[in-house]
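Step one of this worksheet: look at the structure below.
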Amino acid sequence: MDIQSNRVYDQTEDVEVKDTAHQISSDSWLQVAFVLTTGINSAYVLGYPGTVMVPLGWIGGAGGLVLATIISLYANALVAYLHEYGGQRHIRYRDLAGFIYGKKAYALTWALQYINLFVINTGFIILAGSALKAAYVLFKDDDMLKLPYCIVMAGILCAIFAISIPHLSALGIWLAVSTVFSVAYIAIAVALSLKDGLNSAPRNYHIPGGGIGKVFKTIGASANLVFAYNTGMLPEIQATIKEPVVKNMMKSLYFQFTVGVLPMYLVTFTGYWAYGSSSDTYLLNNTHGPVWVKAIANITAFLQSIISLHIFASPMYEYLDTRFGVKGSALKAKNLLSRIGLRGGYLTFNTFVAACLPFLGDFMSFTGAISTFPLTFILANHMTLVAKGDKISSLRKCWHWLNICFFSLMSLAAAISAIRDISVDSKEYHIFADL
């Protein structure tokens, strides 16, 4: 694709905007804030007591989450301030990288971003399928409904939802629905964790493992800290916000990293307090309570995952709709057929990978290491240096280079750790496993 073609102009500002089939400058800062918050408080949070706190302990886990909040807010702010750099509104991450560095960086950024988002989307389908199976097992543990079947059902519902919602801005009321679902499973998980914690013997908070294995687990957990906050698609989300773009985006980011992170903190710390080193990678597996209450938590986690996936898949939908000229009403016959074919095909492949590799967590760690770190931290700092190098002080330049070097090392270490985990776990699991 020629990154210099198909341009239109934003009528409210003298800023050049590239052509897109999706809406630009249509959403309030609060709606965008809820898009960001929906991603943070997805059902992934139910795994943080096990995947973050257990390998890091109280000091490393709690301190790391707070530090990751601050660092992530800073890195996202850097990208947000570049949104209108050079007299153009960069509505896609690859457009921004291409404008600053050239066509090779455009292609590389595109590849990294879509690999990252594809794996995240696949993870959401696995998460939805796992929640659906967990709800079924509460009532009938007959081994009839296997995880791959649940993943297929989740994929079908994700496709129906994707076909019905034309673009990110059209989520509208569904963001409120998603918030209700998030509050439901987080509140239930916290309440049951508190009950179990108050009624159980003293827990063991010792960090498990030893030697080189413990080192790799610590590195992997540290990578999960920043993965929890970052998507690698901030320009695509910022593209939907109303003018003034940067000011409103900063409002959304401040909301996300102050109010939006509180539920995640609550479920993570409460879950680890209640179960200690035995915390499962899906918190509801630890809890004890009425079957119907746990069923509600699992069903709401299942449904919320479908909405969350739509957010992270929206850059792919935008590309497909723009490439094939799919615009207008979702119910228009031509558009409906196009979305069935394009989005349905994309999610069919997602679902196949999800059913084939339900132990995707290790692969997520690897793609996060080679894409989330570069897109969110390394590129954000380096693009700022290139774009504003003459306007910033020597001290600030040193700060940006320190971030670039540190996160490059973290990216390398996290990638090595993930490869090791993939090697170890591949001996235990098999494709289409019923976990």
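Here are some notes:
- Region 51-120-region 306-352 distance, computed between alpha-carbon centres (Å): 24 Å
- The value of relative contact order for region 8-425, using C-alpha pairs under 8 Å at least six residues apart, is 34 percent.
- Estimated FRET transfer efficiency (Ser423, Leu67; beta-carbon r; R0 30 Å; 0.05): 0.50
- Averaged over residues, the count of other Cβ atoms within 10 Å places the peptides 65-74, 365-374 in the sequence 365-374, 65-74, highest first.
- Listed values (i) 21.6, 79; (ii) 21.3, 67; (iii) 20.5, 62, entry calculated as Rg and Dmax of the Cα atoms in Å: (ii)
- Packing-based ranking, highest mean first, of 272-282, 137-147, 167-177 given that Cβ atoms within 10 Å are counted: 272-282, 167-177, 137-147
- Peptide packing: for 50-56, 112-118, the average count of neighbouring Cβ atoms within 10 Å per residue gives the ranking 50-56, 112-118, highest mean first.
None of the figures in this text is laboratory data; all of them are computed from the coordinates on show. The structure presented is a predicted model; accordingly, all values stated were derived computationally and were not measured. Counting neighbours? That spans all protein chains shown, and the Cβs are built from the backbone with ideal geometry, glycine included.
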